[in-house]
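Asks: Provided herewith is a single structure, encoded as structure tokens, for subsequent inquiry.
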Amino acid sequence: MANVAALKDKAARAALEHVEDGMRLGIGTGSTAEAFIRALGERVASGLRISGVATSERTAKLCASLDIPIVTLEEMPALDLAIDGADEIDPALRMIKGGGGALLREKIVAAASERMIVIVDQAKQVETLGAFPLPIEINGFGMMATYLAIQKAAAALGLGGDIVLRKEGDGPFITDSGHLILDASFGRIPDSEALSAALHAVPGVVEHGLFLDLATFAVVASDSGVTVIKRR
Ligand code: 5RP
């Protein structure tokens, strides 16, 4: 079996074939997105002209180190194509994202893009979302009240499980936008649209990691090659 890093690189390079000269790109976060950024850096070094909006400070830093031109979303608010990884993806191209903590900017950038290509290795494919804990970005104010409201909203949909504050070192993980993340181990999520709406209705929830109706197609790398999956 090919190693996971090689599969991520394969998916990244296949997605790069969809990048054209002059494009305005949304550039994702995570190890698969990093494989894409490194491959994009090679193309930029050999003459490809693009402008990119980074979905995290980490991505912005890597792009800068590879001389990939980065602008802000304020400077370039409409994008042609976002390319990003995912933690889980189902056959309808619904996703869980945010394992790397960049879900808010990733979702804003994806929504500002005409198309989104998701790059994953085969291990990210699931029939139903939920084995991966769902990241929920929350405001620090009233964190406990928000936690309880999320628990109640999920319970109303028949979802339980641990909801834990993401940590980094001795303290909480703080997102690029200064928020906290709760990781919710709901297990199988049969109705992600209903959960999305319920979470959005909780004051204190800034964004959640359910990405629905955003992916145009997914590039999935497996031992047998690269498959393009369109929405079912
Ligand atoms: C970051 C993300 C990433 O796309 C997701 O976590 C997948 O990461 P990786 O490619 O490292 O498996 O959503 O917030």
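The values are calculated or read from the model by the stated rules, or taken from the named source; none is laboratory data. Everything quoted here is computed from the prediction, not taken from an experiment. Here the Cβ is made from the backbone with ideal geometry for all residues, glycine too, and neighbour counts use every protein chain on show. With ligands, DNA and RNA removed, areas are computed over all heavy atoms of the protein, side chains included. Shrake-Rupley method; radii C 1.70, N 1.55, O 1.52, S 1.80 Å.
Asks: Residues in region 6-38 that are more than 10 Å from the ligand (Cβ to nearest atom) and open to solvent by 60 Å² or more (accessible area, probe 1.4 Å): how many?
Replies: Count: 8.
Asks: Just give me the residues in region 125-183 being surrounded by fewer than 20 Cβ atoms within 10 Å (Cβ to Cβ), assigned to a loop (DSSP other than H, G, I, E, B), hydrophobic (A, V, I, L, M, F, W, C) and free of Cβ contacts under 8 Å to residues at least 40 places away in the same chain, in sequence order.
Replies: Those that are surrounded by fewer than 20 Cβ atoms within 10 Å (Cβ to Cβ), assigned to a loop (DSSP other than H, G, I, E, B), hydrophobic (A, V, I, L, M, F, W, C) and free of Cβ contacts under 8 Å to residues at least 40 places away in the same chain: Val126, Ile174.
Asks: Give the residue, chosen from Ala86, Ala102, that is open to solvent by less than 40 Å² (accessible area, probe 1.4 Å), within 13 Å of the ligand (Cβ to nearest atom) and closer than 18 Å to Asp176 by Cβ.
Replies: Sole residue among the options that is open to solvent by less than 40 Å² (accessible area, probe 1.4 Å), within 13 Å of the ligand (Cβ to nearest atom) and closer than 18 Å to Asp176 by Cβ: Ala102.
Asks: Now for a separate question. How about region 105-124: which of its residues are of a type in the set (Asp, Glu) and either open to solvent by less than 30 Å² (accessible area, probe 1.4 Å) or under 15 Å from Arg231 (Cβ atoms) (or both)?
Replies: If the condition is that a residue be of a type in the set (Asp, Glu) and either open to solvent by less than 30 Å² (accessible area, probe 1.4 Å) or under 15 Å from Arg231 (Cβ atoms) (or both), then Glu106, Asp121 are the ones that fit.
Asks: Could you please give the count of residues in region 212-232 that are closer than 30 Å to Thr146 by Cβ and touching an Asp or Glu at 6+ places or on another chain (Cβ under 8 Å)? Working first, answer last.
Replies: Narrowing region 212-232 to residues closer than 30 Å to Thr146 by Cβ: 212-215.
In the following step, the residues that additionally are touching an Asp or Glu at 6+ places or on another chain (Cβ under 8 Å) were identified as 212.
Qualifying residue count for the region: 1.
Asks: Right, next: Tally the residues that are within 22 Å of Ile108 (Cβ to Cβ) and assigned to a loop (DSSP other than H, G, I, E, B), restricting the search to region 1-57.
Replies: 9
Asks: For the list (1) away from the ligand (no atom under 15 Å from the Cβ); (2) surrounded by fewer than 16 Cβ atoms within 10 Å (Cβ to Cβ); (3) not aromatic (Phe, Trp, Tyr), I need the number of the one condition that Asp80 fails.
Replies: Asp80 satisfies every listed condition except (2).
Asks: When the residues of region 57-77 are filtered to those that are of a type in the set (Ser, Thr, Tyr) and in contact with a strand residue (DSSP E or B) (Cβ under 9 Å, 6 or more places away or on another chain), which remaining residue is farthest from the ligand (Cβ to nearest atom)?
Replies: Thr72
Asks: How about region 143-166: which of its residues are among the small types (Gly, Ala, Ser) and out of contact with any helix residue (DSSP H, G or I) (no Cβ under 9 Å at 6 or more places or on another chain)?
Replies: Within region 143-166, Ala145, Ala149, Ala155, Gly158 meet the criteria.
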